[in-house]
1. How many of the residues making up the stretch A:84-112 are out of contact with any Leu (no Cβ under 9 Å at 6 or more places or on another chain) and not in a helix (DSSP H, G or I)?
2. Yes or no: A:Val26 buried (at least 18 other Cβ atoms within 10 Å of the Cβ) and in contact with a Phe, Trp or Tyr (Cβ under 7 Å, 6 or more places away or on another chain)?
3. Contact list please: Cβ distance under 8 Å, first residue in the stretch B:101-113 and more than 7 Å from chain A (Cβ to nearest Cβ) and at negative phi, second residue of a type outside the set (Asp, Glu) and surrounded by fewer than 20 Cβ atoms within 10 Å (Cβ to Cβ), pairs at least six apart or on different chains.
4. Can you pull out the residues in the stretch A:1-47 that are touching a Leu at 6+ places or on another chain (Cβ under 8 Å), in a helix (DSSP H, G or I) and away from DNA strand D (no atom under 13 Å from the Cβ)?
5. Hey, A:Arg74 hits all of (1) modelled with pLDDT of 90 or more; (2) more than 16 Å from DNA strand D (Cβ to nearest atom) but one; which does it fall short on?
6. Can you tell me which residues in the stretch A:120-142 are modelled with pLDDT of 50 or more, surrounded by 13 or more Cβ atoms within 10 Å (Cβ to Cβ) and assigned to a loop (DSSP other than H, G, I, E, B)?
7. Hey, among the residues in the stretch B:48-71 that are among the hydroxyl-bearing types (Ser, Thr, Tyr) and either part of a helix (DSSP H, G or I) or at pLDDT 85 or above (or both), which one's surrounded by the fewest Cβ atoms within 10 Å (Cβ to Cβ)?
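The values are calculated or read from the model by the stated rules, or taken from the named source; none is laboratory data. The model shown is predicted, which means the values in this text are computed figures rather than measured ones. Every residue, glycine as well, gets a Cβ built from its backbone with ideal geometry; the counts of neighbours run over all protein chains shown.
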Protein chains: 2
Amino acid sequence: MNIGEVAEQSGVPAKMIRYYEETGLVRKPERSPGGYRQYGEADVHTLRFIRRSRDLGFSFERIRELLKLWSDRRRSSHEVKKIALAHVAALEADIIKLTGLRDMLRHLAGKCHGDDRPDCPILDNLGGNPASERRSNASGRN
Amino acid sequence: MNIGEVAEQSGVPAKMIRYYEETGLVRKPERSPGGYRQYGEADVHTLRFIRRSRDLGFSFERIRELLKLWSDRRRSSHEVKKIALAHVAALEADIIKLTGLRDMLRHLAGKCHGDDRPDCPILDNLGGNPASERRSNASGRN
DNA sequence: TATAAACCTTCCCACCACTGGAAGGTCAAG
DNA sequence: CTTGACCTTCCAGTGGTGGGAAGGTTTATA
């Protein structure tokens, strides 16, 4: 199977497959006499696994761990569950942060008349009194 | 005021201030005879405005609009409210997506015993039956 | 006045996970 | 044998930073 077909079957673009190979996420495949990458069914499964993991928001590092566990017949489900729950916690943190931002912004927008007058609590808040504050860090994906 | 002081007062690192200048988000300041950037109080306010907007998750494009409205005495609050509410909607979409992922992952983890046995619904799901699906795009920050 | 130090300048590199494109080689069908 | 789809490698750019080198400026102190 050439890279194009494996890309279609797995849903992972060919460019990405080469990138994953380069970064060591997937194995280097055999090559045809002309230098074309040759894949099998197992590669389709692996790539599909990766794609689904990314759809769930797992980081590359996590996926690397999951892949190792996935291919290990003697793995314990404990490890997997741990990774999954850590990811759940990370998602939870992101959700809380975004919810806070949304509420604050919605609150400000609620106090803004939204008419032709220039008064606007949103801009007032963004520009306004600094008070006590130092760079509050943010983010924190897994 | 040199860049260091304005950085401290606004909470925006000097490196970032130069970057904002380069990308046209803030004006090019005067220079001292020796070539040092010279800022005033107004610049501190502007940078603080930018920092707060970023803390709220606004994109550079949005901030550009907000800055223009902010400096416009004759603006209508309608425009500002529109931008803010669009951002609220974008945040909402992100929250919904992340919540869905969290719930799915938590559900899978709940069905995983988490002991020494290798059986694990999480991995089964990641690797398992493809069914009908094509690359579902994701993301969509403002 | 000399010199150190703190500050500033520009420029380049790296990150992450991709995406796009150019230049050129390979393969299958007509 | 040509066409065109497919593949190869390499190079560059994204966005919003952070790090650092090489060198110029300003200020304080010895």
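1. The qualifying residues number 1.
2. Against the criterion (buried (at least 18 other Cβ atoms within 10 Å of the Cβ) and in contact with a Phe, Trp or Tyr (Cβ under 7 Å, 6 or more places away or on another chain)), A:Val26 qualifies.
3. From the stretch B:101-113, the pairs are B:Lys111/B:Pro121.
4. Selection gives A:Thr46 alone.
5. Condition not satisfied by A:Arg74: (1).
6. A:Cys120, A:Gly128
7. The selected residue is B:Ser59.
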